[in-house]
1. Roughly how compact is the chain, stated as its Cα Rg over 2.2 N^0.38 Å to two decimals?
2. Toward the positive end of the charge dipole of the chain, about the Cα centre and with charges on Cβ (Lys, Arg +1; Asp, Glu -1), which of 92, 153, 25 goes farthest?
3. By counting other Cβ atoms within 10 Å of each Cβ, how are 161, 37 ranked from fewest to most?
4. Could you give the radius of gyration (one decimal) and Dmax (whole number) of the Cα atoms in segment 175-240, in Å?
5. Would you look at the GNM of the chain, springs on alpha carbons closer than 10 Å, and say which of 147, 19, 120 moves the most?
6. So how many Lys-Lys pairs in the chain land under 25 Å Cα to Cα, not counting same-chain pairs under 8 apart?
7. Which distance in Å, rounded to a whole number, links the C-alpha centroids of segment 59-98 and segment 169-234?
8. Counting Lys and Arg as +1 and Asp and Glu as -1, each charge on the Cβ, what is the dipole of the chain about the Cα centre in debye, to the nearest 20?
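Since every read-out is calculated from the coordinates, none of them should be taken as a lab result. For clarity, every value in this text was computed on a predicted model and none was experimentally measured. As a convention, Cβ positions derive from the backbone with ideal geometry for all residues, glycine included, and neighbour counts pool all protein chains shown.
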Amino acid sequence: MHSITLILSLLSSQACAHTFIWGVFVNGVDQGLFKGIRIPAYNGAPGGGGYNNSPVKNLTSIDLRCNVMGDIQAPDTIKVAPGDNLTFDWHHDYRNGSDDIIAESHHGPSLVYISPDPPTENSFVKIWHEGLYEESTFPNPGKWSTTSDLRLNGGHMNVRIPASLKAGHYLIRAEMIALHEGEVSYLKNPVRGAQFYPDCVQIEVTGDGDVALPEGVSFPGAYDYDTPGVVYNVCTPDPLAGTTAC
Ligand SMILES: *[C@@H]1O[C@H](CO)[C@@H](O)[C@H](O)[C@H]1NC(C)=O
Ligand SMILES: *[C@@H]1O[C@H](CO)[C@@H](O)[C@H](O)[C@H]1NC(C)=O
Ligand SMILES: *[C@@H]1O[C@H](CO)[C@@H](O)[C@H](O)[C@H]1NC(C)=O
């Protein structure tokens, strides 16, 4: 109980903390508050001499893998079987129906990767993604994964554990990417740039599957400042007035 109290008091001191995973459902069954989750560490406000994490914008930082201090193991691991349906329960301030999940301006894609744990070179394999799934028409920004799907569906992000996946310890890296300031790269303008919200979950795959993961990508490393989608303007042009809406 002590650790939960500590966690909650740490979280409540972080009003600016954006979105992260508060729980995991396996085939619809809640595994419990922060079970198996490497909770992002927040250790200071921007410019305050501390280390601002929320969000991660530096694409070469280790924080892009599992968020700040995300290489530190969580005390527990979630047991799953190949083919199981995992639902990551993303929230912003509270894990209940009053929560906004992510700010409504934060349009962008969501992605899920899986890697053997501990990760090695090019070990993260993407198993799900969702981006812009309905085109924009001024002044409507279109339907983006973060703001139209996850935000309006209680923060639930669903993915299946690959069928016949070999037993063992794996790390799931789930992320949302907010592009509302993504019209320029963080490298060119450090006060803007795409905002990454990665979060990792420790799982143990059981069973007698015989499929190993193919080669994937590394974090950091997978994304560059000129990777399509890292610099992207989510504002919708008004063809008549020459203005935009975000
Ligand atoms: C996975 O489980 C969630 C409930 O936790 C459900 O909403 C979703 O439809 C399920 N997805 C699949 C593909 O079965
Ligand atoms: C980004 O992270 C790398 C690796 O930690 C570091 O060397 C670099 O100074 C950081 N860049 C910025 C702009 O913070
Ligand atoms: C959610 O939790 C917050 C903080 O504890 C509380 O103020 C709010 O009333 C809760 N909302 C619901 C729907 O339970």
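1. Normalised Cα radius of gyration, the chain: 1.01.
2. The listed residue farthest towards the positive side: 92.
3. Placing the least packed residue first, the sequence is 161, 37.
4. Values for segment 175-240 (Cα only, Rg and Dmax): 17.3, 60 Å.
5. Sorting by GNM fluctuation, first place goes to 120.
6. Number of lysine pairs found: 10.
7. Cα centroid to Cα centroid, the span is 13 Å.
8. In total the dipole reaches around 300 debye.
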